[in-house]
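Written out below as structure tokens is the structure these notes cover.
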Amino acid sequence: MLDYTLKRSKRRTTVAIKVAEQKLTVYAPFYVSQTEIDGWLKTKQDWVAEQIARQSSQAERRQLPLVNATIKLFGQSVPIIFAKGPKSTWQQDAQSRLTLSISSRVKYQEANYLALLERFLHEKLESYIEMRVHDYCLQMTEDLPAKLKIQHYKRRWGSCNKRRELAFNLHLASAPTWVIDYVIIHELAHLRHMNHSAKFWQRVCHFYPDYKKAESWLKANGSSLSW
Ligand SMILES: [Zn+2]
């Protein structure tokens, strides 16, 4: 027999059922007996089961893009586990699996998971780039840039301006580190040559001889770096 909540009312003259959030509610007048309700419900069993199944698959579909997902971090696949917790936080275990926890009370859960994932990638990429910029500035006898920023770009991997501010595309977090290193050296070389002149490429080549390989990797795989 189906589980249901029975709601009786004086004004009601007919029996009705409602399926919402995979729960069944039966509305009935006071004069209809429990046995009559159960007997009537039996004839509706298939319809109720179908409604419940349809609603649960709709609920699943709403979460589907984020179920059993993986992302790439520095070229390595990282499985993501979506969890509920008292507050929004992430955690990476020894097998490098990433658990994203958000509060079950927040609205727009999918958007919140995505925002949390991007905060994770942002932090990872930022600390990697900070470390490498420091190393390469020493090698290139270059003063540290005035500012480092990670942001969303549609069509570029990095940028450099006259105020010595460098910015890098957040999607680089999914690229292998040897490719990120190339983008870093490319932008640091712009600190002396604000163009793509022969002198600029000479400087890039001096500190990153395989730059053509990295350029063609970005051309071939760049569009797959989104999530
Ligand atoms: Zn450039």
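Observations on the structure shown:
- Residue in the range 159-172 that is under 25 Å from S216 (Cα atoms) and charged (D, E, K, R) present: no
- Flag for S77 being among the polar types (S, T, N, Q), open to solvent by less than 90 Å² (accessible area, probe 1.4 Å) and part of a strand (DSSP E or B): yes
- Any hit, the range 202-224, residues being under 20 Å from the mean Cα position of the chain (by Cα), open to solvent by less than 60 Å² (accessible area, probe 1.4 Å), farther than 18 Å from D135 by Cβ and without any contact (Cβ under 8 Å) to a residue 40 or more places away in the chain: no
- Cross-chain or 6+ apart pairs with Cβ under 7 Å, the range 110-130 first and touching a residue at least 24 places away in the same chain (Cβ under 8 Å), then of a type in the set (G, A, S): N112/S88; L116/S88; L121/A173; K124/A173; L125/A173
The values are calculated or read from the model by the stated rules, or taken from the named source; none is laboratory data. In this text, all values refer to a predicted model and were calculated from it rather than measured experimentally. Counting neighbours? That spans all protein chains shown, and the Cβs are built from the backbone with ideal geometry, glycine included. Heads up: the accessible areas ignore ligands, DNA and RNA and are worked out on the full protein's heavy atoms, side chains in. Shrake-Rupley method; radii C 1.70, N 1.55, O 1.52, S 1.80 Å.
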